[in-house]
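Have a look at the structure below before the remarks.
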Amino acid sequence: MGIEEKLPGGILLSTVEKVAGYIRKGSLWPATFGLACCAIEMMATAGPRFDISRFGMERFSATPRQADLMIVAGRVSQKMAPVLRQIYDQMTEPKWVLSMGVCASSGGMFNNYAIVQGVDHIVPVDIYLPGCPPRPEMLLHAILKLHDKIQEMPLGVHREEAVREAETAALAATPTLQLEWSAR
């Protein structure tokens, strides 16, 4: 008999999940996907005034294989959508997506055929950050909220199930444009 049989179910695993969540939240490496004016504010966040490195993000990764957080900053065109998905698929697990700015979250003021009306139709988004463009303080606040979410994320098979359900729900959601037309 091992220690697992002597303890009530879930005690040892929940402790391991909390330790892993604490370690993961302190070592995020963001991959930048700056497409518009929001990218300027994202770069300002990495500067000495706001100092994103105090949260464990020493540098922005230029390759998706070394990143686990994608910050989509700005509008995404229809031609850029497959590239965004390819970069997301190349990222290592576990991976998170932060949609920065109103253009990335819902298409912003660009309601036409060339702009994707929200990146959540391409990749599952964990945190939405509103604003045009959002201030660096808002980005830091969103990253801290993501830290809280990472702290509570389950490990192993349960995490894969949760991610699969979230991705399926996000991709199966009714597009924003259809919701707008049905309201009339």
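The values are calculated or read from the model by the stated rules, or taken from the named source; none is laboratory data. None of the values given here were measured: they were computed from a predicted structure. Don't worry about glycine lacking a Cβ; one is built from the backbone with ideal geometry, like all the others, and counts go over all protein chains shown.
Below are the figures for this structure:
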quantity: Any chance GLY118 is crowded, with 23+ Cβ neighbours inside 10 Å and over 29 Å from ARG54 (Cβ atoms); calculated: yes
quantity: Yes/no for LEU140 being assigned to a helix (DSSP H, G or I) and closer than 19 Å to PHE33 by Cβ; calculated: yes
quantity: Filter result (among the small types (Gly, Ala, Ser) and out of contact with any strand residue (DSSP E or B) (no Cβ under 7 Å at 6 or more places or on another chain)) within the range 52-102; calculated: SER53, GLY56, ALA62, ALA81
quantity: When residues of the range 156-172 are limited to those that are farther than 11 Å from PRO124 by Cα and modelled with pLDDT under 70, the one surrounded by the fewest Cβ atoms within 10 Å (Cβ to Cβ); calculated: VAL157
quantity: Selected residue (only one of VAL102, VAL97 is surrounded by 20 or more Cβ atoms within 10 Å (Cβ to Cβ), farther than 20 Å from PHE55 by Cα and modelled with pLDDT of 85 or more); calculated: VAL102
quantity: Any helices (runs of 4 or more DSSP H) falling wholly within the range 5-91 and containing at least 1 residues that are modelled with pLDDT of 80 or more; calculated: 38-45, 81-90
quantity: The listed residue being under 25 Å from ALA172 (Cα atoms) and in contact (Cβ under 8 Å) with a residue 40 or more places away in the chain, out of MET100, MET57; calculated: MET100
